[in-house]
Amino acid sequence: MNPICSKFIKPTVNTICRRIALTQTRNTYIFRHVYVPPVTPEGQHQRPPTELQNYRKYELVEEETEKPAGPLKVILLQDVEGIGHQFDIVEVDRDVARNDLLITKKAAYASPFDLKYYGDMKERMKEELAKRVRIPYEYLKIGRELQKLVVPLHVSMDNPWTLNRSIVTASLRQMGVDVLDNGVFLPKETISGPNFDYEAKLTRFYVVINKQYVVPMIGRISHISADESKQALYPDAAKQPSEEQLRKFGIKPETPYFHSSPEIDENFVVVDLMNSRKKQ
């Protein structure tokens with residue numbers, strides 16, 4: 001081949017091949033016979049479809065690429081946060097299933113064989129599974145968001161007050177967190193004012209979700225007044241305090257607590273329970 005021709009032909013071929021690769025699509029079409037061939041009698045050879053031209057006529061029933069493939073049904077082989085627990089049969093987005101769950105062996109296809117195989121395994125493990133502590137994903141998600149907050153506990157600069165559930169609840173609602181009074185628990189320490197020694201003081205309190213999930217939270221005392229000229233300003237009031245800052249106010253890092261049943265009411269000793277967990 002002429003070297004000059006070769007110089008131009010090779011890049012052109014490569015470009016065309018790349019374009020073909022990029023534009024390739026996989027389509028599925030479903031057809032049916034316009035004229036259905038008769039059933040071959042038992043013991044006889046099947047008649048060739050070329051025997052009659054009409055037997056080679058088909059009509060399009062459906063083009064599957066015209067509608068989305070939909071979710072994929074899988075069996076979870078372990079607890080997967082936000083999706084489900086071990087042995088749950090769930091429908092998930094195909095990309096999630098193929099790129100995360102299946103490739104990492106967190107799940108298996110819900111084939112008839114695997115449905116029976118893992119169904120039998122679930123039955124054999126039912127006693128072990130019943131003993132596991134499984135926290136609902138909604139609780140985990142809400143708890144994480146609450147623990148990011150430093151709640152300004154608004155107290156009066158002009159009138160006497162004692163920190164209580166009502167003050168904490170009202171302060172939470174101002175931040176868009178709606179809780180009932182009996183879902184808030186405070187330590188036994190009495191904090192009263194007005195007292196500017198308490199200004200910007202960090203204090204621990206607990207919020208209970210659905211009478212079952214206890215979330216430790218941080219509040220910061222903030223004196224306010226109807227007279228705007230008296231407002232106290234604290235820099236970085238919403239910033240999450242460091243462990244050193246928490247120690248300054250006698251606060252230790254804590255993790256949420258999940259109770260086995262939804263029975264945490266206003267008479268439950270939440271603070272004592274959480275204090276006992278810190279000692280463990």
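Pairwise alpha-carbon distances in the stretch 166-218 exceed 16 Å for 45% of all pairs. In order along the stretch 173-180, the phi-based Karplus estimate (6.51 cos²θ - 1.76 cosθ + 1.60, θ = phi - 60°) of 3J(HN,Hα) comes to 5, 5, 9, x, 9, 9, 9, 8 Hz; Gly and Pro are listed as x.
Potential lengthening of the chain between residue 158 and residue 139 amounts to 3.0 nm, from the contour at 0.36 nm per residue minus the alpha-carbon distance. For the stretch 111-228, what is one quarter of the convex hull surface built on the Cα atoms, given in nm²? Averaging across all directions leaves 10.7 nm² for the Cα convex hull. Rounded to the nearest Hz, the phi-derived 3J(HN,Hα) couplings of the stretch 202-211 under the Karplus curve 6.51 cos²θ - 1.76 cosθ + 1.60 (θ = phi - 60°) are 8, 9, 8, 8, 10, 10, 9, 9, 6, 6, where x marks glycine and proline. Close amide H pairs (under 5 Å, H built 1.01 Å from N) link residue 201 with 221, residues at least 5 positions away or on another chain. List the pairs from 105/252; 106/239; 122/278; 239/279; 188/239 whose alpha-carbon separation is above 31 Å, in the order I gave them. Checking Cα-Cα distances, 105/252; 106/239; 122/278 exceed 31 Å. Taking 7 Å steps out from each Cα toward its Cβ at residue 131 and residue 99 produces label points 3.9 nm apart.
If you take the Cα Rg of the stretch 50-144 and divide it by 2.2 N^0.38 Å, with N the number of residues, what do you get?
Ratio of Rg to 2.2 N^0.38 Å for the stretch 50-144: 1.64.
A short reminder: the numbers here are calculations on the coordinates, not readings from a lab. Only a predicted model underlies this, so the values are computations on that prediction, with no experimental measurement involved. Positions of Cβ are generated from backbone atoms using ideal geometry, with glycine treated the same way; all protein chains shown enter the neighbour counts.
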